[in-house]
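The values are calculated or read from the model by the stated rules, or taken from the named source; none is laboratory data. Quantities reported herein were computed from a predicted structural model and do not represent experimental measurements. Cβ coordinates were reconstructed from backbone atoms using ideal geometry, including for glycine residues, and neighbour counts include every protein chain displayed.
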Amino acid sequence: MEGNQLKKRISVASKREPADTVIKNGKIIDVFTGEIIEGDIAIVDGYIAGIGEYEGKKMIDAKDQYISPAFIDGHVHIESSMVTPKEFAKVLLPHGVTTVIADPHEIANVLGTDGIQYMLDSSENLPFDFFFMLPSCVPATEFENSGATLLAEDLKPFYQQPRVLGLAEVMNFPAVLQAEHDMLEKILTAKQSGKKIDGHAAGLSPNDINVYMAAGIRTDHESTTAMEAKERLRRGMYLMIREGTVAKDLQQLISIVNEHNARRCLFVTDDKHLDDLVHDGSIDHNVRLAIASGIPSVTAIQMATINAAECFGLKSKGAIAPGYKADFFQFDDLNKINITNVFKDGIAVVENGQLTTELNNQTFVETERLRNSVRFHELTESHFHIPLKTNKANIIEIIPNSLVTRHSIEKVETNNVGLFQASIKNDQLNLAVIERHHLKNQIGLGIVKGLGLKSGAIATTIAHDSHNLIIAGTTEHDMVTAAKAMKEMQGGLVVVNHGEVIASLDLSIAGIMSDRPYQEVYSSLKEINLALNKLGANDHFNPFLTLSFLALPVIPELKLTDKGLFQVSQFKHIELDADLE
């Protein structure tokens, strides 16, 4: 802070000169004491200078509404919304979220350091605070081909960026356990830079959590049961309670939150689709669910504000208090959290629920690689043939609204030359992951159960974490049609039926993000949902987001990479053929 700014803030706080803006007649959520207090909020240069009785150049009547610190999302992949940071901010601001801690490992898995730099550049100069944790595992494992490999030396220069807070979710637990050189270097570099380290402790035992804590990893967002959540809290971790589009863990975890541990808990969305962000909201949705589950309203707000700020060392965020950023919102009902007005840096950016400010950022320069990332050789139906020696196969079974899958062994249908035949009756479909970064001609084939398609095929280049092309279908013909459409679009989502593309969304930025306004993307998603209904897809979960996680080999139990079927518990590839004996 420059001396003149500090001098001015002190002068306003001491009432020697008027504030820029004063908010009067509001009921302030005090996240430090858990109280609701009354008083004027004096704002100068985007910061709160004091609470009490103040005069300002501009006076705003809060009309007896509640005033809460703006919400913070403690862990999110912006790319999962399929829009750019600018459009992402447009969606979140009306929901009272003004700050996110983002992990750009989706685009980093496609474009490496160029992807990280794109996210930094494209999120500058906006009335929204984007902080970043650097991707720790690119690729996530050695059992798949990604677009890039990031070593400790590749990440180190980014720690000079003030908006880079640390090392993102460390998901390669075996590398930590075995103290592998590059993983140790990544952890040490973060520590030496005074940065934070996030965890990814999916399915880990209490002793495994000891290992993570000993390594300096202090958060986890992968708890799915109350007992897992307790073990993390008992060992000193911050518990990130996630409610996204596929992973909906809040209802299972919220019961363990109490007056003793609440300040060690915060909310995250992790991966949330644009349509869900528009319909339900972001962290505000987590807060409403927590309140509906019995958490006191002020406690839920603490978890969404000051807890997240303290977890990541954001010393001027998360509270309405002198010296804190003037990021806050107004609302009428403590139980419903229906947000009316939102202020960022003391300026109203949302009024009566509507965005009132322009968001423009054209400071970044696109590279050709950003727009030309979907590359694979021409495919024919034979590329999707699955030869089986027996009529029993290892099958990926979807668990609705979960990132975790089941490893099922079932009888399957084969033709007279021993090739797997998709069965609509048994809900057993073809699944393929095609390497799309370096023309390696690598294709992993599998069988998936639970998508419920009655015809056609669906495909996307959003396939965590390496973002290869993933296709599920009832016929090889429709799968070929989907692949061709995907190459022409340079990535996105596509729905095919009887050899015809019936809905699509192009994601030309690295094959995972659209350059279009979020309203247009939202409209395309609605068309895709209608098309999925025509295919008879399971409507109890989001088929595309579920499909995108079937290629992630760090979450149990059975997944598919471009190198083949992968058993997570054994951390190895297995054959498709199985024996029930």
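Observations, loosely collected:
- Residues of the range 180-232 that are farther than 17 Å from HIS105 by Cβ, crowded, with 16+ Cβ neighbours inside 10 Å and among the charged types (D, E, K, R): ARG218, GLU228, LYS230, GLU231, ARG232.
- Residue identified as under 30 Å from PHE544 (Cβ atoms) and assigned to a loop (DSSP other than H, G, I, E, B) among VAL246, VAL278, VAL287: VAL246
- Consider the range 471-484 and keep the residues that are small (Gly, Ala, Ser) and more than 11 Å from THR460 (Cβ to Cβ). The one that is surrounded by the fewest Cβ atoms within 10 Å (Cβ to Cβ) is ALA483.
- Of the residues making up the range 181-208, just one is acidic (Asp, Glu) and under 22 Å from the mean Cα position of the chain (by Cα), namely ASP198.
- If the condition is being outside any loop (DSSP other than H, G, I, E, B), over 16 Å from the mean Cα position of the chain (by Cα) and closer than 18 Å to GLN192 by Cβ, then the range 113-170 contributes ALA152, GLU153, ASP154, LEU155, LYS156, PRO157, PHE158, TYR159, GLN160, VAL164, LEU165, GLY166.
- Screening ASP45 with (1) in contact (Cβ under 8 Å) with a residue 24 or more places away in the chain; (2) at negative phi; (3) among the charged types (D, E, K, R); (4) in contact with a helix residue (DSSP H, G or I) (Cβ under 8 Å, 6 or more places away or on another chain) gives one miss only, at (2).
- LYS454 being in a loop (DSSP other than H, G, I, E, B), more than 28 Å from the chain's Cα centre (by Cα), surrounded by fewer than 24 Cβ atoms within 10 Å (Cβ to Cβ) and free of Cβ contacts under 8 Å to residues at least 12 places away in the same chain: no
- Checked against (1) touching a helix residue (DSSP H, G or I) at 6+ places or on another chain (Cβ under 9 Å); (2) at positive phi, ILE434 passes all but condition (2).
- Residue among LEU253, LEU239, LEU266 that alone is within 19 Å of the chain's Cα centre (by Cα) and farther than 28 Å from SER193 by Cβ: LEU253
One line per residue, one yes/no per condition, for (1) among the charged types (D, E, K, R); (2) under 23 Å from the mean Cα position of the chain (by Cα); (3) over 30 Å from LEU505 (Cα atoms); (4) assigned by TED's automatic domain parsing to the domain that holds GLY166:
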| residue | (1), (2), (3), (4) |
| --- | --- |
| ASP270 | yes, yes, no, yes |
| ASN307 | no, yes, yes, yes |
| ASP327 | yes, yes, yes, no |
| ILE337 | no, yes, yes, no |
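- Here VAL448, VAL433 are screened, and the one residue that is in a strand (DSSP E or B) and under 19 Å from ASN533 (Cα atoms) is VAL448.
- Close Cβ contacts (under 9 Å, 6 or more residues apart or on different chains) running from residues in the range 297-322 that are touching a residue at least 60 places away in the same chain (Cβ under 8 Å) to residues that are assigned to a helix (DSSP H, G or I) and of a type in the set (Asp, Glu) comprise ALA304/ASP284; GLY318/GLU310.
Yes/no per residue for (1) free of Cβ contacts under 8 Å to residues at least 40 places away in the same chain; (2) under 27 Å from THR380 (Cα atoms); (3) assigned to a helix (DSSP H, G or I):
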| site | (1), (2), (3) |
| --- | --- |
| VAL494 | yes, yes, no |
| ALA503 | yes, yes, no |
| GLY511 | no, yes, no |
| SER524 | yes, no, yes |
| GLU527 | yes, no, yes |
| ALA531 | yes, yes, yes |
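- Residue match in the range 466-475 (condition: farther than 21 Å from VAL246 by Cα and of a type outside the set (Val, Ile, Thr)): no
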